[in-house]
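First up is the structure itself, then whatever we jot down about it.
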Amino acid sequence: MSDERKRENEEEKLKDFFHNVIGIKSEAVLEVLAENSEICNLKARTLLMKENEKVDAISFLYKKGGLVKSYYEKSDGKKQVHCFAHFPGEALVGIMNLDKQITSFLTVELITDCEIVRISADVLRKLAMENIEIALVCNRMQSVASMREYEYRKMILTCNPVQRYEYFLETYPGMEKKVNKKDIASYLNMTPECFSRMLKKYDGA
């Protein structure tokens, strides 16, 4: 198959992704999105973005099965896991980073091999300014991210260790078998020792 034909096939897959997963209806917008995006196959432990780096591209999970974590570095040098992503269409670099002046708040790392869709931040920014459908999609993603952040902070402040773990199981079903315990403990704002003790009690209940 020629390179031109491969690219045509990829653009059809991208239009299908932006239409069926992201929810874009305009054919003209789908054409622009597909022309300025690419599907990337990346290995586990790849860093998509580092904390404080300028955001040049926005990435989305392409297919089910991929698993990604985001974290930041605390003052003591330890990594604090902020969130995970595992649903197709989830933005792996925050849409709020479309602001030209903002750098990434988090380091984004692949836990498993992943297929992602990557689009230029400049293109998406321009589309959001010119097209109401793209603007609404970006606003919706920002609203979902803000609500998740609120729920997460409330959980950390008000829940005991067992309740925190139950929140993780409900929010990320099945991921307790795929994510290492150190990362889960970090996400739940527990020490690995505290998490291990809680897990023994939870499994023994």
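The values are calculated or read from the model by the stated rules, or taken from the named source; none is laboratory data. This structure is a prediction, so every number in the text was calculated from the model and none was measured. Here the Cβ is made from the backbone with ideal geometry for all residues, glycine too, and neighbour counts use every protein chain on show. For the accessible areas, the whole protein counts, side chains as well, though only heavy atoms, and no ligand, DNA or RNA atoms are used. Shrake-Rupley method; radii C 1.70, N 1.55, O 1.52, S 1.80 Å.
The table below gives the values:
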read-out: Pairwise centroid distance, computed over Cα atoms, of the stretch 118-137 with the stretch 1-42, Å; value: 15
read-out: Per residue solvent-accessible surface (Å²) - the chain, probe of 1.4 Å; value: 58
read-out: Amide H contacts of THR46 (H built 1.01 Å from N, under 5 Å, at least 5 apart or other chain); value: LEU110
read-out: Choice from GLY66, GLY89, GLY174 showing the highest fluctuation, given a GNM over the chain with Cα pairs closer than 10 Å; value: GLY174
read-out: Gaussian network model of the chain, Cα within-10 Å springs - most flexible of ALA135, ALA28, ALA121; value: ALA28
read-out: ³J(HN,Hα) computed for each position of the stretch 68-74 - Karplus, 6.51 cos²θ - 1.76 cosθ + 1.60, integer Hz, glycine/proline x; value: 9, 10, 10, 8, 10, 9, 7
read-out: Protection proxy ranking of 15-21, 158-164 - average other beta-carbon atoms within 10 Å, highest first; value: 15-21, 158-164
read-out: Integer Hz, Karplus 6.51/-1.76/1.60 couplings in order for the stretch 146-156, x for Gly and Pro; value: 5, 5, 4, 5, 4, 4, 5, 4, 4, 4, 4
read-out: Nearby lysines by direct alpha-carbon distance to LYS200 (threshold 16 angstrom, same-chain neighbours under 8 apart not counted); value: LYS177, LYS181, LYS182
read-out: Check: the stretch 115-165 dipole with +1 on Lys, Arg Cβ and -1 on Asp, Glu Cβ, in debye; value: 240
read-out: Using alpha-carbon coordinates, inclination of helix 192-204 to the longest axis of the chain, degrees; value: 80
read-out: Apportionment of accessible area to carbon and sulfur, the chain, percent (1.4 Å); value: 51
read-out: For the stretch 173-189, 3J(HN,Hα) per residue [Karplus equation, 6.51 cos²θ - 1.76 cosθ + 1.60, θ = phi - 60°, Hz, x = Gly/Pro]; value: x, x, 7, 4, 8, 10, 9, 5, 4, 4, 5, 5, 4, 4, 4, 8, 6
read-out: About the Cα centre, charge dipole magnitude for the stretch 1-131 (Lys/Arg +1, Asp/Glu -1 at Cβ), debye; value: 540
read-out: Value of relative contact order over the chain, rounded to a whole percent, pairs C-alpha under 8 Å and six or more apart; value: 21
read-out: Links that overshoot a 18 Å alpha carbon limit, given the list LYS69/LYS154; LYS13/LYS178; LYS43/LYS64; LYS50/LYS78; LYS63/LYS126; LYS43/LYS178; value: LYS69/LYS154; LYS13/LYS178; LYS63/LYS126
read-out: Cα pair distances exceeding 27 angstrom across the stretch 47-186, given as percent; value: 22
read-out: Sum of side-chain charges, LEU48 neighbourhood, beta-carbon under 15 Å (Lys, Arg +1; Asp, Glu -1); value: -2
read-out: Listed residues LEU110, LEU47, LEU157 arranged by accessible area, highest first, probe 1.4 Å; value: LEU157, LEU47, LEU110
read-out: Selected from CYS138, CYS194, CYS114 as most flexible by GNM, with the chain as the system and alpha-carbon contacts under 10 Å; value: CYS194
